[in-house]
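Right, one structure below, let's go through it.
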Amino acid sequence: MKPAPFEYHVPDSLEQALDLMSQYADEAKILAGGQSLVPAMNFRVVQPSMLIDLNRVSELSLIREEGEAIRIGAMARERHLEFDSSIAKHIPLLTEATPFIAHPQIRNRGTIGGSIVNADPAAELPVLMLTLDARLKAQNISGERWIDAHDFFAGMFTTALAPDEILVEIELPYMPPHTGWSFMEVAPRTGDYALMGVAALVTLDENGKCKKAKLVYLNAGDGPVDAKESAKLLEGETLNDALIESAAAMASQKEINPFGNVHTSIDFQRHLANVLTKKALKQAMQRAEENQQ
Amino acid sequence: MTQSFPVTITVNEKEYKRDVEPRLLLSDFLRHELGLTGTHVGCEHGVCGACTVLFDGESVRSCLIFAIQADAHSITTVEGLAKDKDNLHPIQQGFWEAHGLQCGYCTPGILMTLVPFLKENPNPTEDEIRHAISGNLCRCTGYQHIVDAVKLAAEKMR
């Protein structure tokens with residue numbers, strides 16, 4: 001239960017960190033909040049020969065508004081997302097979902113960038129990145145590029161980042177007007193990994209019809225699962241119980257691909273997805289209607 | 001043995017200078033280097049909460065931080081709560097009076113979780129208390145007496 005030895009670097013600027021990554025990309029692992037990496041190192045499941053610790057790169061933890069979006073530094077702590085007033089105002093889904101991540105003691109250290117790059121299919125933040133159409137800024141020593149969240153997650157614990165790239169910033173557009181949201185999950189105990197979870201968004205047009213819908217699931221496949229076809233069933237329609245029922249049935253039976261685990265069968269995960277989808281869509285719809293008045 | 005690096009860490013308002021290997025966990029630093037064995041080590045992967053300490057005033061798992069990361073930071077452990085054995089912190093006093101512990105293994109972590117919680121929320125409901133301690137496992141009490149102890153402590157602190 002003790003980590004294997006490693007070489008340790010602690011840059012105090014992004015420039016230094018990128019320089020280190022250009023030299024040591026093959027052997028180094030980035031240490032962000034450490035709330036997934038350090039347990040894995042304690043178990044010696046992973047034994048990186050070098051850690052590059054970003055905790056002293058203060059420029060990476062800013063949260064700011066820019067244009068019609070919020071930009072969040074990759075090292076912003078989950079606990080800061082939870083209490084940030086501009087996030088609460090413009091992206092209430094993120095404020096509502098963040099407390100589902102583990103416990104306050106974990107969120108005090110865990111970072112948005114760390115959770116995204118870890119790409120755990122059972123984690124909340126990757127799901128939220130797809131739901132909110134995030135753009136992710138990756139940087140290496142020779143430059144930067146923006147990656148659409150929909151192109152970022154490449155499978156179980158795998159992302160589109162090149163070995164020498166660091167995720168530095170996340171851009172989240174404001175939620176559009178007349179949008180309702182919901183985040184729901186079922187976990188065996190508070191703070192545990194959820195057996196199933198869903199983030200839902202519903203945007204209404206001026207006639208009260210559904211203009212845009214989103215349904216994204218956690219622990220439902222080898223990454224965050226965007227149930228696009230089910231969401232499409234709702235678009236252009238006046239939402240009612242029958243439609244919500246069909247979308248939930250389609251998402252839970254056709255679009256997600258849960259694996260089951262020691263706590264749950266695949267059938268139970270599909271059942272949960274069905275029930276959670278209906279509840280989440282109803283809550284999102286109700287909030288969208290309230291937002292319209 | 002890999003190379004060691006000098007660190008200066010303030011623990012319970014006292015400054016300590018030591019040389020540490022980067023892989024040394026903060027929990028082991030506190031216990032083995034400083035002899036502060038009040039911080040307990042349970043699961044060592046962030047689940048049980050027994051090793052909870054305050055890092056610059058915020059509750060964290062000391063088994064998921066390397067001691068070297070605490071360089072120039074300030075740590076508070078359970079030893080930092082009471083002035084002396086006759087002057088317990090109100091949260092400790094609440095646990096004493098309401099029988100908030102049996103074996104005591106989880107207690108330091110729970111106390112350190114509660115310090116910032118009761119500061120932010122001096123008048124918590126039972127639900128909020130149960131939620132606040134959900135990241136700390138206790139296998140003895142069934143939590144009922146812990147909840148009672150937190151209510152009593154909150155009263156004392158108001």
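The selection criterion, being in contact with a Pro (Cβ under 6 Å, 6 or more places away or on another chain), not assigned by TED's automatic domain parsing to the domain that holds residue B:148 and not aromatic (Phe, Trp, Tyr), does not hold for residue B:74.
Let's see how each residue does on (1) within 14 Å of chain B (Cβ to nearest Cβ); (2) closer than 22 Å to residue A:234 by Cα; (3) of a type in the set (A, V, I, L, M):
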site: A:119; (1), (2), (3): no, no, yes
site: A:129; (1), (2), (3): no, yes, yes
site: A:178; (1), (2), (3): no, yes, no
site: A:207; (1), (2), (3): no, yes, no
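Across the stretch B:22-39, the qualifying residues are those that are facing another protein chain (nearest Cβ under 9 Å) and of a type in the set (A, V, I, L, M, F, W, C), and the one among them that is nearest to residue B:81 (Cα to Cα) is B:25.
Just checking: which of the strands (runs of 3 or more DSSP E) contained wholly in the stretch A:28-67 hold 3 or more residues that are more than 13 Å from chain B (Cβ to nearest Cβ)?
Per the criteria, A:63-66.
Residues of the stretch A:1-27 that are aromatic (Phe, Trp, Tyr), open to solvent by 20 Å² or more (accessible area, probe 1.4 Å) and either away from chain B (no Cβ under 14 Å) or in a loop (DSSP other than H, G, I, E, B) (or both): A:24 alone. Cβ-Cβ distances below 8 Å connect the following pairs, each with a first residue in the stretch A:217-245 that is over 19 Å from residue A:186 (Cβ atoms) and assigned to a strand (DSSP E or B), a second residue that is modelled with pLDDT of 95 or more and not β-branched (Val, Ile, Thr), and a separation of six or more residues or different chains: A:226/A:130; A:226/A:150; A:226/A:214; A:226/A:215.
Might you let me know whether the stretch B:37-46 holds any residue that is in contact (Cβ under 8 Å) with a residue 12 or more places away in the chain, touching a Leu at 6+ places or on another chain (Cβ under 9 Å) and over 28 Å from residue A:9 (Cα atoms)? Yes, because at least one residue in the stretch B:37-46 is in contact (Cβ under 8 Å) with a residue 12 or more places away in the chain, touching a Leu at 6+ places or on another chain (Cβ under 9 Å) and over 28 Å from residue A:9 (Cα atoms). Residues that are in contact (Cβ under 8 Å) with a residue 40 or more places away in the chain, more than 9 Å from every other protein chain (Cβ to nearest Cβ) and surrounded by 24 or more Cβ atoms within 10 Å (Cβ to Cβ) within the stretch B:55-77 comprise B:67, B:70, B:75, B:77, listed in sequence order. Quick one: which of A:260, A:221, A:208 is more than 30 Å from residue B:46 (Cα to Cα) and surrounded by fewer than 21 Cβ atoms within 10 Å (Cβ to Cβ)? The conditions single out A:208. Does residue A:58 meet the test of being open to solvent by 50 Å² or more (accessible area, probe 1.4 Å) and among the polar types (S, T, N, Q)? The answer is yes for residue A:58.
Scoring residue B:19 on the criteria (1) surrounded by fewer than 18 Cβ atoms within 10 Å (Cβ to Cβ); (2) out of contact with any Phe, Trp or Tyr (no Cβ under 9 Å at 6 or more places or on another chain); (3) outside any loop (DSSP other than H, G, I, E, B) leaves a single failure, condition (2).
Taking the criterion of being assigned to a loop (DSSP other than H, G, I, E, B) and either out of contact with any Cys (no Cβ under 9 Å at 6 or more places or on another chain) or within 13 Å of another protein chain (Cβ to nearest Cβ) (or both), the residues of the stretch B:40-54 that qualify are B:41, B:42, B:43, B:44, B:45, B:46, B:47, B:48, B:49, B:50, B:51. Does residue A:112 count as farther than 22 Å from residue B:70 by Cα and open to solvent by less than 20 Å² (accessible area, probe 1.4 Å)? It is false that residue A:112 is farther than 22 Å from residue B:70 by Cα and open to solvent by less than 20 Å² (accessible area, probe 1.4 Å).
The values are calculated or read from the model by the stated rules, or taken from the named source; none is laboratory data. Because the structure is predicted, anything quoted here is derived from the model rather than measured. Virtual Cβ from ideal backbone geometry, glycine too; neighbours counted across all protein chains shown. The accessibility values were calculated without ligands, DNA or RNA, using every heavy atom of the protein model including side chains. Shrake-Rupley method; radii C 1.70, N 1.55, O 1.52, S 1.80 Å.
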